[in-house]
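*Asks:* Before I ask anything, let me first share the structure, which is written out below as structure tokens.
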Amino acid sequence: MDTQTTTIDELKSGFSGDVLVPGDPAYDEARQVWNAMIDRRPTLIARCESTEDVMAAVRFASDKGLPVSIRGGGHNVAGHAVCDTGVMVDLSKMRSVRVDPDKRIAYADGGATWADMDAATQVFGLATPGGLISETGVAGLTLSGGFGYLRGQHGLSIDNLLAADVVTADGRLTRASATENPDLLWALKGGGGNFGIVVRFEFALHPVGPEVFFVAPIYAMEDGPGPIRAWRDYISQHDEALAMICEFSTVPEDDEFPQQYWGKKVFALVAVVTGDLDAAEELARPLRELGPLVTDFSGRMPYAEVQRLFDAQTPFATMRCYWKALYLADLPDEMIDLAMANAKAAPSPNTISSLWNMGHGVRAVAAEATAFGDRSMGWMYSADGVWADAADDAANIAWARASWLKAEPFGHEGRAYLNFPGHGEDDTLTRAAFGDGYDRLARIKAQYDPHNMFRFNQNITPAG
Ligand SMILES: Cc1cc2nc3c(=O)[nH]c(=O)nc-3n(C[C@H](O)[C@H](O)[C@H](O)COP(=O)(O)OP(=O)(O)OC[C@H]3O[C@@H](n4cnc5c(N)ncnc54)[C@H](O)[C@@H]3O)c2cc1C
């Protein structure tokens with residue numbers, strides 16, 4: 001067969017999944033991603049069911065000179081999973097997770113979600129650090145870092161990545177591990193989807209739960225910043241067990257909240273504490289006594305249930321979104337005041353914003369150990385615009401960007417978390433995020449993807 005003339009019919013023959021083109025009944029549903037603002041039309045969608053499908057789709061794209069976007073869980077806020085004019089390689093049907101409880105390793109397909117991961121690992125009372133929402137993809141979240149509840153003890157998701165099987169731009173399957181192509185494994189630990197399509201991840205597992213102590217006292221913003229200041233001071237002394245998020249939001253009209261607070265701005269101090277649950281409850285107690293409470297959702301519950309708690313607030317392909325984060329050197333009172341003022345000014349009641357401490361496990365990893373780079377920042381701030389109507393796009397994007405810009409004076413070396421990238425318009429952030437590691441990443445990119453086939457991401461330009 002002349003590879004230059006591979007037709008769609010030839011791709012379809014021997015393909016286990018679906019090959020979709022504009023006009024096919026399933027095409028429009030398949031190109032949807034989590035952010036309802038994203039409306040792109042790939043030339044072809046390869047909905048893969050096997051590694052062979054992924055290899056065939058990449059070879060097809062290569063023959064045609066088309067770029068490739070990669071869909072894992074479809075949750076990237078910039079919508080990087082879907083492209084205009086290019087091949088969308090969709091892994092949403094490749095979601096199996098296998099666990100070896102003796103070796104404490106999970107083997108996850110490239111399209112698995114954190115719900116798939118937790119369901120498989122919690123059977124054995126094991127887990128690896130994921131994110132805060134179970135429907136996000138293991139792939140996208142991991143490849144740019146991965147911040148979740150377990151980071152205090154076990155670091156970022158990438159810090160637990162042992163190996164990966166990757167389909168590179170030449171359509172071949174390559175292994176990345178400590179002994180095989182270790183440079184590629186290093187690059188996958190923070191370098192995003194730049195180097196190929198990961199069809200299988202291997203993660204180290206740790207004993208977690210199944211029952212954990214969930215911490216979630218909620219305070220009213222009208223009562224002032226006192227609880228956040230006390231929270232900052234307390235968790236800074238306990239950041240192995242307490243890797244937390246202070247989340248600002250608006251109380252919904254929901255009977256779970258006292259009616260007097262409906263529509264008011266609040267913040268929740270959220271953590272998952274593992275291990276001995278009496279000790280966990282005692283450790284969390286001061287955080288639940290920092291002032292008058294709106295309510296308190298703290299309690300013992302299964303880890304997998306905690307992971308799903310906020311899923312309903314973030315339904316797929318429903319809300320319009322623009323999220324933008326930066327790292328903070330520290331968390332002075334002035335930054336807390338700014339975060340509160342920004343939250344009060346949010347134009348949409350669906351918007352959230354948040355302060356995250358790094359946690360011991362994140363800071364313990366050396367800068368050069370992963371492509372993610374330096375870990376010396378103390379905190380992260382994220383302004384996450386979420387709204388319903390297209391007519392409100394400009395106001396909500398302007399709010400997120402203004403909140404982010406106002407926080408810049410408190411920033412850490414101009415670095416940002418690349419998984420909360422706005423809509424990907426600030427190119428210079430990618431270089432800044434990688435710091436000294438950028439040139440090494442560019443060389444590895446040139447080795448595995450010299451023509452930048454995988455360019456719908458926080459893109460690294462191939463060296464040379
Ligand atoms: C509701 C919500 C909650 C979130 N919570 C957290 C959180 O708690 N912690 C956190 O750290 N982040 C969080 N994020 C951010 C999240 O990590 C990113 O949006 C991430 O890109 C999602 O991964 P995905 O696989 O679902 O995305 P997708 O949109 O499918 O993919 C995003 C990009 O990842 C790459 N990619 C995806 N799959 C593969 C693959 N198999 N091989 C190679 N590259 C691939 C590609 O470059 C792709 O363009 C959240 C996002 C949302 C929308």
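*Asks:* Checking residue 166 against (1) more than 8 Å from the ligand (Cβ to nearest atom); (2) over 15 Å from the mean Cα position of the chain (by Cα); (3) among the β-branched types (Val, Ile, Thr), which test does it fail?
*Replies:* (1)
*Asks:* Could you list, ordered by first residue, the pairs with Cβ atoms under 7 Å in which the first is in region 306-319 and on the phi < 0 side of the Ramachandran plot and the second is of a type outside the set (Gly, Ala, Ser) and not in a loop (DSSP other than H, G, I, E, B), at least 6 apart or interchain?
*Replies:* What qualifies is 306/212; 306/214; 306/272; 307/114; 307/118; 319/386; 319/387.
*Asks:* Take region 154-172 and flag every residue that is more than 13 Å from residue 453 (Cβ to Cβ), hydrophobic (A, V, I, L, M, F, W, C) and in a loop (DSSP other than H, G, I, E, B).
*Replies:* 156
*Asks:* Quick check on region 179-211: of everything there that is part of a strand (DSSP E or B) and within 16 Å of the ligand (Cβ to nearest atom), which residue is surrounded by the most Cβ atoms within 10 Å (Cβ to Cβ)? Don't jump to the end; show me each part of the working.
*Replies:* Step one: filter region 179-211 for residues part of a strand (DSSP E or B), giving 197-204, 206-207, 211.
If we keep only those that are within 16 Å of the ligand (Cβ to nearest atom) too, we end up with 197-203.
Details: 197: 26, 198: 26, 199: 23, 200: 20, 201: 27, 202: 19, 203: 29.
Among them, the one singled out is 203.
*Asks:* What number of residues in region 379-401 are touching a residue at least 24 places away in the same chain (Cβ under 8 Å) and surrounded by fewer than 17 Cβ atoms within 10 Å (Cβ to Cβ)?
*Replies:* Of all residues in region 379-401, those touching a residue at least 24 places away in the same chain (Cβ under 8 Å) come to 379-390, 392-393, 395-397, 399-401.
Among the residues that remain, those that are also surrounded by fewer than 17 Cβ atoms within 10 Å (Cβ to Cβ) are: 388-390, 392-393, 395.
The total comes to 6.
*Asks:* Taking residue 121, is it more than 9 Å from the ligand (Cβ to nearest atom), part of a helix (DSSP H, G or I), of a type outside the set (Gly, Ala, Ser) and within 26 Å of residue 216 (Cβ to Cβ)? Step through it out loud before you land on a result.
*Replies:* Values: more than 9 Å from the ligand (Cβ to nearest atom): yes; part of a helix (DSSP H, G or I): yes; of a type outside the set (Gly, Ala, Ser): yes; within 26 Å of residue 216 (Cβ to Cβ): yes.
For residue 121, the condition - more than 9 Å from the ligand (Cβ to nearest atom), part of a helix (DSSP H, G or I), of a type outside the set (Gly, Ala, Ser) and within 26 Å of residue 216 (Cβ to Cβ) - is met.
*Asks:* Also, quick follow-up: Just one of (1) closer than 29 Å to residue 127 by Cβ; (2) crowded, with 20+ Cβ neighbours inside 10 Å trips up residue 288, so point out which.
*Replies:* Only one criterion is unmet by residue 288, namely (2).
Each row is one residue, and each column tells you yes or no for (1) small (Gly, Ala, Ser); (2) more than 27 Å from the chain's Cα centre (by Cα); (3) not assigned by TED's automatic domain parsing to the domain that holds residue 367.
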{"site": "193", "(1), (2), (3)": "yes, no, yes"}
{"site": "196", "(1), (2), (3)": "yes, no, yes"}
{"site": "235", "(1), (2), (3)": "no, no, no"}
{"site": "239", "(1), (2), (3)": "no, no, no"}
{"site": "266", "(1), (2), (3)": "no, no, no"}
{"site": "277", "(1), (2), (3)": "no, yes, no"}
{"site": "281", "(1), (2), (3)": "no, yes, no"}
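*Asks:* Restricting region 136-163 to residues that are closer than 20 Å to residue 430 by Cβ and touching a Pro at 6+ places or on another chain (Cβ under 8 Å), which is nearest to the ligand (Cβ to nearest atom)?
*Replies:* Filtering first and then ranking leaves 146.
*Asks:* Sort out for me the helices (runs of 4 or more DSSP H) sitting completely within region 324-430 that have 3 or more residues that are under 20 Å from the mean Cα position of the chain (by Cα) and either assigned by TED's automatic domain parsing to the domain that holds residue 76 or under 20 Å from residue 189 (Cα atoms) (or both). Before you say what the answer is, go through the steps one by one.
*Replies:* Numbers: elements: 333-345, 360-363, 393-407.
Answer list for region 324-430: 360-363.
*Asks:* Return the residues of region 284-317 that are part of a loop (DSSP other than H, G, I, E, B), of a type in the set (S, T, N, Q) and within 11 Å of the ligand (Cβ to nearest atom); say none if nothing qualifies.
*Replies:* Start the filter on region 284-317 by keeping residues that are part of a loop (DSSP other than H, G, I, E, B), which leaves 289-292, 297-298, 309-310, 314-317.
Add one more test, that the residue is of a type in the set (S, T, N, Q), and what stays is 298, 314.
Within region 284-317, 314 is the sole residue that qualifies.
*Asks:* Can you go through 410, 420 and tell me which one is in contact with a strand residue (DSSP E or B) (Cβ under 6 Å, 6 or more places away or on another chain) and either within 15 Å of the ligand (Cβ to nearest atom) or of a type in the set (Lys, Arg) (or both)? Break it down stepwise before answering.
*Replies:* Details: 410 fails: either within 15 Å of the ligand (Cβ to nearest atom) or of a type in the set (Lys, Arg) (or both).
Only one candidate passes the filter, namely 420.
The values are calculated or read from the model by the stated rules, or taken from the named source; none is laboratory data. Being a predicted model, the structure only gives us computed values, none of them experimental. Every residue, glycine among them, receives a Cβ derived from its backbone with ideal geometry; neighbour counts consider all protein chains shown.
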